[in-house]
1. List, in order, the whole-Hz ³J(HN,Hα) value for each residue of segment 255-262 obtained from phi through the Karplus relation with A = 6.51, B = -1.76, C = 1.60 and θ = phi - 60°; use x for Gly and Pro.
2. Taking R0 as 56 Å, what FRET efficiency do you get between Gln66 and Asn222 from their Cβ-Cβ distance, rounded to the nearest 0.05?
3. Which whole-Hz ³J(HN,Hα) couplings does segment 170-179 yield from phi under the Karplus relation 6.51 cos²θ - 1.76 cosθ + 1.60, θ = phi - 60°, glycine and proline marked x?
4. Please report the projected area of segment 31-95's Cα convex hull averaged over all directions, in nm².
5. Could you tell me the calculated FRET efficiency between Trp361 and Lys272, based on Cβ-Cβ distance and R0 = 25 angstrom, to the nearest 0.05?
6. For Arg117, project a label point 7 Å along Cα to C-beta. Then give me every residue of segment 37-69 with its amide nitrogen under 19 Å of that point.
7. Among 289-298, 337-346, what's the highest-first ranking by average C-beta atoms within 10 angstrom per residue?
8. Taking amide H positions as placed 1.01 Å from N in the peptide plane, with prolines and chain starts having none, which residues 5 or more places from Ile93, or on another chain, fall under 5 Å of its amide H?
Amino acid sequence: MLLCASSLLAGLYWNSSHLREHNEESPETAQGGVWSCRVETSTTRGALLLIGSGRQAWSSDKELAQSVRRGDSVLVLGSLRGNFLETWSFSAIHSNSMQNRVRRIICSRWREKLHSRETSSLVSALLAGERGTVSPSTRSVFEMTGTSHLLAVSGLHVGIICAIILIIARRMFGKTWLTVFITILLMGSYVFIAGARASTVRAGIMGMFILIAWQAVGKTPNLLFIWSFAVIVLIILTSGSVLNDIGAKLSFSAVLSLIIFGRNIRGNIYKKILSILYAGIVVTLCLAPLVSSTFGAVSPVAPIATVISIPFMLTLMALGAISLSWGFIAEGASILAEWTVFIWLNILQVLEFRRFEFKEWMLVIWFAGIIMLLLFSRRSGFFRRFR
């Protein structure tokens, strides 16, 4: 398993490097025409579009990006060169699906309730996966500290929502099958409204099986088996197109690294913080080649910045949900949310550090780090759960 994971990450890095060299030496010929696209992500800088069956292309047309949201369709008259789509003109077709309508209504409520655009954009990103209104300056802060993954609704967010629902349901109905059913139903509803991306669907499938197994036999099932099952289900449901989704690759690889090398340090609050920090180190180290080949650089302060950011993220998610209420409660939540964002972003700006590109000579150091993680996890008796 270790050799397979290492080979996968190294192979992806080498393949990406060779593709970059090939593109520099032999640029692709631009293809003009009309392209039917689905919006994967819209930001203030442009939009990531899905063309045909699984091919992604980036359009830097800001007018197009401001006119559409994730899930919408758009007809583009332009020129496609590699993974870049130059837009000459476009026609947007807004999605009328239930999940997109609900998401638009909720995000518009946040824009009304939260006075700061920066605050409403971060709340929309954290709770609804709508990152299109996050400003470039705010995005830059998260990119430089390696915490951009917190802005995308992923397995972490689904796990947090699932844990909150489970705690509330258990207090109301006890440790019964009704609690499991309600938790799975509400968790599935959240995954659906948040856009049902590969990472959230994977987390939903794993969460569902863990809840059912825990209720049935009283213990956590084999996590590696559940992870494998979730990946296979997604590949079947998407006819293999999920393998072209870089977000899905990062999510699957991150969870696999935590399953193999993860360690839950039990004890007081300080040991829990160490546990989160160790998880951040594991993910940052294991995914360094893949992250660098995808985004161009890796942030060395990502584990520390993530540990510091999680309390602010949880607080902002809670305040964002409360702000949808009425009266002085919503107003108070709005004010606290603005202060939370202000303090969070200022702390991250202090932590900004120069990112580095993963070079070929670093593979030896990277492999040595993987071995150290393996020895540390073996020392903790982690592999006993797979015997």
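No value in this document is a laboratory result; all are computed from the given coordinates. Predicted, not measured: the structure shown is a model, and the values here were computed from it. Neighbour counts run over all protein chains shown; Cβ positions are idealised from the backbone, glycine included.
1. 5, 4, 5, 6, 5, 6, 10, x
2. Result of the calculation: an efficiency of 0.75.
3. 5, 5, 8, 10, x, 8, 10, 5, 4, 4
4. Numbers: hull surface 14.2 nm².
About 3.6 nm², averaged over all directions.
5. 0.10
6. It comes to 42-47, 61-69, nothing else.
7. 289-298, 337-346
8. Ser73, Val74, Leu75
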